[in-house]
1. Can you find even one residue in the stretch A:130-144 that is over 13 Å from the mean Cα position of the chain (by Cα) and loosely packed, with under 14 Cβ neighbours inside 10 Å?
2. For the stretch B:28-86: of the residues being touching a residue at least 12 places away in the same chain (Cβ under 8 Å) and of a type in the set (Lys, Arg), which is nearest to the other protein chains (Cβ to nearest Cβ)?
3. Starting from residues that are buried (at least 16 other Cβ atoms within 10 Å of the Cβ) and within 9 Å of chain B (Cβ to nearest Cβ), keep the ones in the stretch A:47-57 and report whichever is modelled with the lowest pLDDT.
4. Which condition from (1) among the charged types (D, E, K, R); (2) surrounded by fewer than 18 Cβ atoms within 10 Å (Cβ to Cβ); (3) over 20 Å from A:Gly21 (Cβ atoms) is the one that A:Arg164 breaks?
5. Please find, among B:Phe66, B:Phe71, B:Phe77, the residue that is open to solvent by 40 Å² or more (accessible area, probe 1.4 Å), farther than 23 Å from A:Val46 by Cβ and hydrophobic (A, V, I, L, M, F, W, C).
6. Of these, A:Gly169, A:Gly150, A:Gly106, which one is farther than 19 Å from A:Arg47 by Cβ and more than 14 Å from chain B (Cβ to nearest Cβ)?
Amino acid sequence: MTEQSQSSSAETPSVLDELPGDLMMWVLIISELLVFGAGLGAFLGVRITDPEGFSAAQDHLFRAGAGLNTFVLVTSGFLAALASRAAHLGKVWRTRAMLLAAAMLGVVFLIIKGVEYAGKYAQGIGVETHPFFTFYYLLTGFHAAHVVFGILILGIVGYRCAPRTVEVGVAFWHMVDLVWVLLFPVIYLLR
Amino acid sequence: MKDPLIRAWIGLVVLSALSTVLSVAVAHGALSGAMVSVGGALILTIGWVKARIILEQYLGLAQAPFWRRGFETVLAFYMLGLLGLYLGG
């Protein structure tokens with residue numbers, strides 16, 4: 001390779017350089033989206049065998065509560081995005097405040113989800129009550145577990161507070177947000 | 001309102017409220033027959049738009065056109081698949 005071509009290849013940016021954040025975080029995000037995507041596809045596939053039963057089961061869900069949780073999570077994502085921006089501007093305490101607020105809204109999400117699960121438990125609705133609830137508990141429970149991990153990650157990146165680290169942690173939180181905006185209409189809203 | 005993050009957040013809140021109201025209306029019998037399916041298709045479309053907003057503005061793909069096109073193409077086909085399964089039910 002000539003000196004000129006070596007210089008040219010060093011200067012040509014790869015499409016991977018265009019990707020915001022860390023490549024491994026995107027691999028994780030895509031993996032998670034594939035898992036949840038397959039779950040939602042399976043849910044709608046099984047629904048074809050019993051649409052009336054799925055609609056009747058869905059009537060036991062509190063749609064407005066899930067709508068409130070959507071507001072909580074997208075607002076949390078907004079605060080996390082502001083935290084990432086503040087981190088790149090070198091505003092450490094603003095970054096930490098935004099991450100803390102985002103994490104607190106994550107806790108609010110989990111509390112509302114806990115109340116929802118408690119309501120189902122009080123009605124005697126479990127995983128085996130109907131295939132709808134098998135998917136409901138599996139998908140929303142797995143998502144809630146990601147919210148728990150996301151809160152921990154926001155705490156860790158807030159402690160370290162380096163711009164790159166914050167960006168990667170916040171990307172995980174946005175993935176949790178993204179999964180919810182797909183899960184919410186399919187599980188809670190579609191009739 | 002010039003801040004794209006604020007616009008994205010407002011868009012997500014408004015669209016979430018819209019889809020919730022639409023679903024509650026369907027559940028209370030405001031729509032019937034084929035209109036229920038139309039309402040469902042609209043709810044899925046709103047979910048698709050919300051996912052695009054998160055990818056572009058929250059996850060920053062608006063600044064990465066190559067990856068944005070890739071993600072949005074796959075997402076569009078996936079949402080079409082979900083729509084097909086929904087209408088098949």
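1. Within the stretch A:130-144, none of the residues are over 13 Å from the mean Cα position of the chain (by Cα) and loosely packed, with under 14 Cβ neighbours inside 10 Å.
2. B:Lys50
3. Among residues in the stretch A:47-57 that are buried (at least 16 other Cβ atoms within 10 Å of the Cβ) and within 9 Å of chain B (Cβ to nearest Cβ), the one modelled with the lowest pLDDT is A:Ser55.
4. (3)
5. From the options B:Phe66, B:Phe71, B:Phe77, the qualifying one is B:Phe66.
6. A:Gly106
The values are calculated or read from the model by the stated rules, or taken from the named source; none is laboratory data. Given the structure is predicted, the values throughout are model-derived calculations rather than measurements. Here Cβ is always computed from backbone atoms with ideal geometry, including for glycine, and neighbour counts include all displayed protein chains. These accessible areas exclude ligands, DNA and RNA; they are computed on the full protein's heavy atoms, side chains included. Shrake-Rupley method; radii C 1.70, N 1.55, O 1.52, S 1.80 Å.
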